[in-house]
Amino acid sequence: MRFARDLLFRGRGAHISAVAPAWLVRLAGGAVGASVVAVADELGLLSIVGMPKWAAECGGLIIGLVLAPTAVGALLWLVLGALTATLFVVMFTPLTRPLAARYVRADAPTASPVDAVLVLSGGLTLDGRITGQAVDRLLTAMALVRLHGLTELALSVTALPGSNGALTSEADQRALVALALPGMSPRFVRNVHSTRDEALAFAALGRTHGWRRVAVVTSPLHTARACATIEATGLSVECRPADGRDYSLRARRSAEGRRLIFADVLYEWSATALYRARGWM
């Protein structure tokens, strides 16, 4: 039987001369590699790179299998330990409070009239139903329209990835608007894949209809980047955070709530850096 040195102690400290079957070392390495990806996903790291979770898990498993018998195999444990420690700090300390504050923009109402309410898009199910934050955004926007008696509501349409635009959120958005605002005919921007695309499409729609000042509704931690990106197109913006239901930014937070907030903060930090580098905001 072929043997390999122990995954954890190889070449570290005193000579331990611990050995284990090579297949067991590789199997342990694969498990550690997959665990690294799982913890990274909990922290929100996968959303930054835009990699599907299944692909990342397969990659982590393969990397672990390959590296386990080598001289750098112990690094897998170090990476897993560092990520796990970070996750515990995020979940059980108030770290997220100051981090989140810088990404939330809530403008005070002004005397200037708002010509339209713009709603940014969100998730979509296989049945064409909007989910989570997309529902939060639309509900907040419709309440704003009703409260101020506005006549223009513009929505961003999401298309399900891989459907070639055949399955979109438009039908569900129309149905929800019809329930809450009978008689309202919302306007739509389509074929958008990022906040930058949405900003350009909304700006073009605004020029067509003569809008000068708009209220922008999106999820709280998305407000600073989204509103700045739309302002960069020339529209005057009043930023309105949606009433979020995934977690609370105001009340005392649970460990899971802190984790979700941190994941969104991490995504917004990376996206904001990219947008500033490209001059989009």
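The values are calculated or read from the model by the stated rules, or taken from the named source; none is laboratory data. As the structure is a computational prediction, the values presented were derived from the model and not from experiment. Every residue, glycine as well, gets a Cβ built from its backbone with ideal geometry; the counts of neighbours run over all protein chains shown. Just so you know, the surface numbers come from the protein's heavy atoms only, side chains and all, with ligands and any DNA or RNA stripped out. Shrake-Rupley method; radii C 1.70, N 1.55, O 1.52, S 1.80 Å.
Assorted remarks:
- Residue-averaged [θ]222 nm for the chain, counting only DSSP H segments that reach four residues, each worth -39500 (n - 2.57): -16500 deg cm²/dmol
- Taking 4.7 Å between C-beta atoms as the pairing limit, the chain has these partnerless cysteines: CYS58.
- For segment 29-143, the dipole from Cβ point charges (+1 on Lys and Arg, -1 on Asp and Glu) about the Cα centre works out to 180 debye, to the nearest 20.
- Shape category assigned to segment 40-179 from the gyration tensor of Cα positions, a/c cut at 1.5: oblate
- Of every Cα-Cα pair in segment 127-171, the percent that sits beyond 15 Å: 51 percent
- Cα-Cα pairs of segment 194-259 separated by more than 20 Å (percent): 37 percent
- Quarter the surface of the alpha carbon convex hull of the chain and you get the mean projected area, 18.8 square nanometres.
- Sequence ranges 108-115, 186-193, 45-52, ranked by mean other-Cβ count within 10 angstrom, highest first: 186-193, 45-52, 108-115
- Principal semi-axes of the equivalent ellipsoid, √(5λ) from the alpha carbon gyration tensor of segment 20-116, are 42, 16, 8 Å from largest down.
- In segment 160-213, the alpha-carbon atoms span a convex hull of 107 Å³ per residue.
- q = 0.17, 0.18, 0.22, 0.24 Å⁻¹: log10 I(q)/I(0) that the Debye formula gives for segment 65-105, counting C-alpha atoms only: -0.60, -0.63, -0.73, -0.79
- Heavy-atom accessible area per residue - the chain, 1.4 Å, Å²: 53 Å²
- Around the amide H of THR218, modelled in the peptide plane, lie the amide H atoms of ARG240, ALA242, all under 5 Å away and 5 or more residues distant in sequence or on another chain.
- Column: log10 I(q)/I(0), Debye, Cα scatterers of segment 133-281, q = 0.16, 0.19 Å⁻¹: -0.98, -1.34
- Ranking by accessible area, most exposed first, for THR151, THR131 with a 1.4 Å probe: THR151, THR131
- Segment 229-281 - Debye-derived log10 I(q)/I(0), Cα point model, q = 0.25 Å⁻¹: -0.99
- Angle between the chain longest axis and helix 195-209 axis [Cα atoms, degrees, rounded to 10]: 10 degrees
- Rel. contact order, % - alpha carbon contacts under 8 angstrom, at least six apart, segment 104-162: 43 percent
- Surface composition of segment 203-247: carbon plus sulfur atoms contribute 43% of the solvent-accessible area (1.4 Å probe, protein chains only, all chains present).
- Gyration tensor (alpha-carbon) shape descriptor, segment 97-190, a/c threshold 1.5: oblate
- With contacts taken as Cα pairs under 8 Å and at least 6 residues apart, segment 78-176 reaches a relative contact order of 25 percent.
- Contact order relative to length of the chain, as percent, for alpha carbon pairs under 8 angstrom and 6 or more apart: 20 percent
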